[in-house]
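The values are calculated or read from the model by the stated rules, or taken from the named source; none is laboratory data. Note that the coordinates shown come from a computational prediction; the quantities given were computed from them, not determined experimentally. Cβ: placed from backbone, ideal geometry, glycine included. Neighbour counts: every protein chain shown. The accessibility values were calculated without ligands, DNA or RNA, using every heavy atom of the protein model including side chains. Shrake-Rupley method; radii C 1.70, N 1.55, O 1.52, S 1.80 Å.
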Amino acid sequence: MELSLLFEKSVLILILTAITLGIATYLTYGERKVAAFLQDRLGPNRAGIYGIFQPLADAGKMFFKEELIPRNAEKWLFIMGPGLAMVTACITSAVIPWGTDLVLFGRNISLQVADVDIGILYIMGIVSVGVYGIMIGGWASNNKYSLYGAIRASSQMISYELSMGLALIAIIMMSGSLSLREIVDQQSGWHGMKWNILFQPLGFILFFTCALAETNRAPFDLPECETELIGGYHTEYSSMKLGFYLFAEYINMFVSSAVMSIVYLGGYNFPFMDAAWFSTHPNWLGAISVAVMFAKVSFFIFLFMWIRWTLPRFRYDQLMHLGWKSLIPLALINMLLTGLGMLLWGK
Amino acid sequence: MSTSAGYIPILLQILVAVGFVVLALFLSSKLGPSRKTVQKDENFECGIESQGNARYPISVKYFLTAILFVLFDVEVIFFYPYAVNFKDMGMEGFIAVVTFVAIFLAGFIYVWRKGAFEWDK
């Protein structure tokens with residue numbers, strides 16, 4: 001790999017990591033503002049105008065709080081848990097294409113850290129490693145509530161991973177590729193409106209439900225169900241280690257919104273992106289495509305928050321029944337119908 | 001980019017993420033105060049004194065879920081190579097996969113009828 005390309009990728013990675021962390025910080029603010037909006041309150045409005053410095057103050061406070069490690073906890077695993085959760089959350093975004101290529105300094109710059117052939121499998125793999133962060137943290141705390149939260153989290157995440165995988169298979173049958181770049185480019189037909197959601201409405205609903213469960217968001221936030229488990233798997237955590245668990249959840253939300261935008265909503269494709277003017281102005285195309293991508297991601301994030309402040313929490317048996325008895329059969333049917341449809345109408 | 005060099009940026013990103021996490025954890029442990037007391041280092045269990053070890057046997061349902069996940073996830077993984085090559089295989093491949101789904105469903109219905117998914121009993 002040549003040096004200039006390596007440099008370009010390093011810059012991209014640093015920018016991406018900074019944006020991811022910034023977005024995660026500001027999503028906590030967004031969450032509180034959305035909650036306030038839905039409940040007809042003001043929300044945070046003291047730190048700066050409209051309270052926009054609130055997340056910075058929160059993050060600063062996290063750094064200066066005392067770090068507590070319970071006496072009978074496994075010390076190293078206790079520290080490793082939140083670290084692992086944060087690392088896995090930060091590296092999922094590596095295979096996501098954020099926009100069309102830019103042309104800077106006479107070079108074609110791809111807005112994707114790594115265009116690997118197995119993009120989707122990479123994301124599924126890293127998401128499953130994310131379970132360990134929660135499981136290790138909950139187990140190492142040596143607290144019954146933490147352990148229950150951790151076990152609930154892992155068993156919920158593995159259950160919904162099955163239907164998530166099955167819902168994705170229908171998409172892969174249509175695209176014939178596991179590369180996310182390829183999947184986005186194939187949705188650019190019909191003047192940039194040939195989005196997969198038009199062919200896969202059921203698959204989209206299944207995937208969205210599973211994404212809620214995978215990120216431990218309400219109504220599937222059983223692992224940190226405060227009415228039963230105090231704080232769930234992070235009961236014993238304080239300071240930045242608690243912060244990492246919370247940030248990891250928001251980063252996961254951001255990344256899964258990005259994946260959903262790419263797989264179902266056409267990623268950075270927007271109407272009339274094939275206009276002749278854009279082929280001579282690649283940087284404008286790149287800038288607009290990134291803006292469109294982020295607009296779609298923001299829409300999904302708002303949807304996540306809207307659902308959290310609207311629906312009550314499931315009971316654990318309802319959660320498992322939904323995952324195993326409804327979503328898996330539906331995903332299988334969806335897969336077979338897709339296959340049949342493609343054979344009959346030859347999409 | 002199908003060569004293994006395409007994975008170098010991913011390694012770089014992992015390095016950046018690990019570096020950030022280690023640095024932040026180290027900094028926050030140095031910056032915060034440290035006033036440890038015997039009471040404070042106890043486990044928090046609703047303010048009640050904790051009883052025994054937390055790691056005692058729990059409901060077998062969770063174990064069963066894990067086993068079923070391993071079983072079915074392997075079968076789901078088998079679908080991936082099929083799905084990638086679906087367009088080339090046509091009707092013949094579809095019939096083959098319907099057979100496979102039928103076997104998958106036979107096992108699925110068996111564990112369902114056996115009550116493996118009954119969480120409220």
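Being facing chain B (nearest Cβ under 8 Å), open to solvent by less than 10 Å² (accessible area, probe 1.4 Å) and either within 21 Å of residue A:328 (Cα to Cα) or of a type outside the set (D, E, K, R) (or both) is the requirement here; does residue A:206 meet it? First the steps, then the outcome.
Values: facing chain B (nearest Cβ under 8 Å): no; open to solvent by less than 10 Å² (accessible area, probe 1.4 Å): yes; either within 21 Å of residue A:328 (Cα to Cα) or of a type outside the set (D, E, K, R) (or both): yes.
Taking the combined requirement at face value, the residue does not satisfy it.
Taking residue B:21, is it crowded, with 17+ Cβ neighbours inside 10 Å and at pLDDT 85 or above? Here the answer is yes, as residue B:21 does meet what is asked.
Here residue B:30 clears all of (1) open to solvent by less than 90 Å² (accessible area, probe 1.4 Å); (2) over 25 Å from the mean Cα position of the chain (by Cα) except the condition numbered (1). Name the residue, out of A:141, A:175, that is in contact with an Asp or Glu (Cβ under 9 Å, 6 or more places away or on another chain), under 26 Å from residue A:78 (Cα atoms) and either crowded, with 22+ Cβ neighbours inside 10 Å or among the hydroxyl-bearing types (Ser, Thr, Tyr) (or both). Of A:141, A:175, the one residue that is in contact with an Asp or Glu (Cβ under 9 Å, 6 or more places away or on another chain), under 26 Å from residue A:78 (Cα atoms) and either crowded, with 22+ Cβ neighbours inside 10 Å or among the hydroxyl-bearing types (Ser, Thr, Tyr) (or both) is A:141. Scanning the range B:63-121 for residues that are open to solvent by 40 Å² or more (accessible area, probe 1.4 Å), among the polar types (S, T, N, Q) and assigned to a helix (DSSP H, G or I) yields a single hit, B:99.
Answer yes if at least one residue in the range A:124-132 is open to solvent by 40 Å² or more (accessible area, probe 1.4 Å) and in a loop (DSSP other than H, G, I, E, B), and no otherwise. So that I can check it myself, show each step before the final result.
Just the residues of the range A:124-132 that are open to solvent by 40 Å² or more (accessible area, probe 1.4 Å), to begin with: A:127, A:129, A:132.
This time we only want the ones that are in a loop (DSSP other than H, G, I, E, B), so: none.
The answer is no, given that none of the residues of the range A:124-132 is open to solvent by 40 Å² or more (accessible area, probe 1.4 Å) and in a loop (DSSP other than H, G, I, E, B).
The lone criterion from (1) surrounded by fewer than 23 Cβ atoms within 10 Å (Cβ to Cβ); (2) part of a helix (DSSP H, G or I) left unmet by residue A:272 is number (2). Among the residues of the range A:51-75, those identified as touching a residue at least 12 places away in the same chain (Cβ under 8 Å), open to solvent by 60 Å² or more (accessible area, probe 1.4 Å) and of a type outside the set (Lys, Arg) are A:52, A:56, A:72, A:74.
Taken across the range A:306-316, residues that are open to solvent by 20 Å² or more (accessible area, probe 1.4 Å), assigned to a helix (DSSP H, G or I) and within 30 Å of residue B:114 (Cβ to Cβ) do occur, with at least one present.
For the range A:40-64, give me each residue that is within 14 Å of another protein chain (Cβ to nearest Cβ) and under 28 Å from the mean Cα position of the chain (by Cα). Quick ask: steps written out before the conclusion?
Taking the range A:40-64 first, the residues within 14 Å of another protein chain (Cβ to nearest Cβ) are A:58-64.
Matches in the range A:40-64: A:58, A:59, A:60, A:61, A:62, A:63.
When the range A:317-342 is filtered for residues that are at the interface with chain B (Cβ under 10 Å from one of its Cβ atoms), closer than 23 Å to residue B:90 by Cα and open to solvent by 50 Å² or more (accessible area, probe 1.4 Å), the ones remaining, listed by number, are A:333, A:340. Just wondering, is there one or more residues in the range A:143-156 that are within 9 Å of chain B (Cβ to nearest Cβ), in contact (Cβ under 8 Å) with a residue 60 or more places away in the chain, under 18 Å from residue A:233 (Cβ atoms) and outside any helix (DSSP H, G or I)? Yes, because at least one residue in the range A:143-156 is within 9 Å of chain B (Cβ to nearest Cβ), in contact (Cβ under 8 Å) with a residue 60 or more places away in the chain, under 18 Å from residue A:233 (Cβ atoms) and outside any helix (DSSP H, G or I). Checking A:2, A:8 one by one, the residue that is touching a strand residue (DSSP E or B) at 6+ places or on another chain (Cβ under 7 Å), within 11 Å of chain B (Cβ to nearest Cβ) and over 26 Å from residue A:153 (Cα atoms) is A:8 and no other. Given the criteria facing chain A (nearest Cβ under 9 Å) and either surrounded by 12 or more Cβ atoms within 10 Å (Cβ to Cβ) or within 24 Å of residue A:65 (Cβ to Cβ) (or both), does residue B:37 qualify? For residue B:37, the condition - facing chain A (nearest Cβ under 9 Å) and either surrounded by 12 or more Cβ atoms within 10 Å (Cβ to Cβ) or within 24 Å of residue A:65 (Cβ to Cβ) (or both) - is not met.
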